[in-house]
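Below: one structure, written as structure tokens.
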């Protein structure tokens, strides 16, 4: 399923800053962690960030309602795109901790 990138999100600046600061580790295959406030849906989703597509990213998410897509994972996918990180990534969120790594 394709999901639209966010246009605004309280999580976006934090995730984008973490990706920029930890880009070398991310590119090397390490998992970067971004602490966020408690709450939000727990989940582990693989996303495909496609270079020419500035509006949508691909996912392995199977829910039929795209409005139910986890906001923190959506913000992370948007941050990856803004940081020119293209390809497949695994984004996981649980207990206020967002984890991002190359798939």
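Taken together, the values in this text are just the output of simple stated rules run on the coordinates, not laboratory data. None of the values given here were measured: they were computed from a predicted structure. FYI the Cβ positions are ideal-geometry reconstructions off the backbone, even for glycines, and counts take in every protein chain you see.
For region 11-38, which positions are in a strand (DSSP E or B) and over 17 Å from residue 89 (Cα atoms)?
Looking only at region 11-38, we keep the residues that are in a strand (DSSP E or B), and these are 32-35.
35 - this is the single residue of region 11-38 that is in a strand (DSSP E or B) and over 17 Å from residue 89 (Cα atoms).
For region 21-38, which residues satisfy the criterion of being in contact (Cβ under 8 Å) with a residue 40 or more places away in the chain and either closer than 18 Å to residue 103 by Cα or loosely packed, with under 12 Cβ neighbours inside 10 Å (or both)?
Selection gives 23, 26, 27, 29, 30, 31, 32, 33, 34, 35, 37, 38.
Would you please list the contacts, defined by Cβ atoms under 9 Å and residues six or more apart or on different chains, that run from a residue in region 62-85 that is closer than 13 Å to residue 19 by Cα to a residue that is loosely packed, with under 11 Cβ neighbours inside 10 Å?
From residues that are closer than 13 Å to residue 19 by Cα, the pairs are 78/7; 81/51; 81/54; 84/51; 85/27.
Give just the number: which of (1) closer than 15 Å to residue 80 by Cβ; (2) touching a strand residue (DSSP E or B) at 6+ places or on another chain (Cβ under 9 Å) does residue 13 not satisfy?
(2)
One residue is enough: does region 48-69 have a residue meeting the conditions assigned to a strand (DSSP E or B), in contact with a helix residue (DSSP H, G or I) (Cβ under 8 Å, 6 or more places away or on another chain) and surrounded by fewer than 19 Cβ atoms within 10 Å (Cβ to Cβ)?
no
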